[in-house]
1. To the nearest 10 degrees, how steeply does helix 34-65 sit against the main Cα axis of the chain, on a 0 to 90 scale?
2. Determine ³J(HN,Hα), in whole Hz, for all residues of the range 140-148 in sequence, where each value follows from phi through the Karplus function 6.51 cos²θ - 1.76 cosθ + 1.60 and θ = phi - 60°; x replaces Gly and Pro.
3. Helix-derived [θ] at 222 nm for the chain: sum -39500 (n - 2.57) over DSSP H runs of at least 4, divide by residue count, nearest 500?
4. Label 7 Å along Cα→Cβ of Leu189; the range 59-84 residues with amide nitrogen under 16 Å?
5. Is the range 17-84 best put as rounded, prolate or oblate by its Cα gyration tensor, with a ≥ b ≥ c the root eigenvalues, rounded for a/c under 1.5, and otherwise prolate when a/b is larger than b/c, oblate when not?
6. Spin-label point model (7 Å from Cα, Cβ direction): what's the Phe57 to Arg159 distance in nm?
7. Would you calculate the separation in nanometres between label points at Leu6 and Ser72, each defined as 7 Å from the Cα along the Cα-to-beta-carbon direction?
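Computed from the coordinates by the stated procedures, all read-outs in this text should not be read as laboratory data. Remember, it's a predicted structure, so these values are computed and weren't measured experimentally. Every residue, glycine as well, gets a Cβ built from its backbone with ideal geometry; the counts of neighbours run over all protein chains shown.
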Amino acid sequence: MDHSFLSAFILLLLVLDPLGSLPIFIPIMRAVPKPRRKLVALREVGIAFGVLFAFMFVGDAFLRVMHLSERSLEVAGGVILLIIAIRMIFGSSGESAYGLEPGREPFIFPLAVPLLAGPSAMATVLLLASRQPDRIWEWIAALTAAMVVSGLTLILADRIRKLLGDSVVSAIEKLMGLVLTAIAVEMVLAGLKRYFIGGL
């Protein structure tokens, strides 16, 4: 299937899913001092953009050098999401649901990778670049636009929290934990299915 700039932008936006990740963004950013929140948000979005931009060009070669497949990438991402989802639902004392120490701001994990630049986003930019390499500048522009939207969502996460309230955010977080569980299991099953049925 051939993509246009608009369809690639929409596809990347759906894969990045900034609105669906709000229940994850909000509690993580709440632990960051207010003066640093915007800087941290921009830094994490910039890192995620850099990872996806690089993967657009060298992703296929990297997978070949490491003897990895998109299937293994999909399964690994599913396992990580499953761990995060379980912690979101049941919580844990003295530890963030996302593997962060109390009072420590996020750096790369989990906002930049794997929430923004996750396995599905990596696979998407890789497929766009490999199937229609002559339109690479359109894919770069679509990725840039999608990351800008994600960055704005992350920067406004605290305002959204104030609008909804802590109890609603907590309830949404647990609900999204259930959704993430299903997504994670689906990713693992899809990866295993492609491995066993899609050929050796």
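1. 20 degrees
2. 5, 5, 5, 5, 4, 5, 5, 6, 4
3. So the calculated ellipticity at 222 nm is -25000 deg cm²/dmol.
4. Counting backbone N atoms under 16 Å from the label point, the list is 75, 78-79, 82.
5. Details: a/c = 3.20, a/b = 1.71, b/c = 1.87.
Oblate is the answer for the range 17-84, as a/c is 1.5 or above yet b/c matches or exceeds a/b.
6. 3.5 nm
7. Label-label distance for Leu6 and Ser72, simple model: 4.0 nm.
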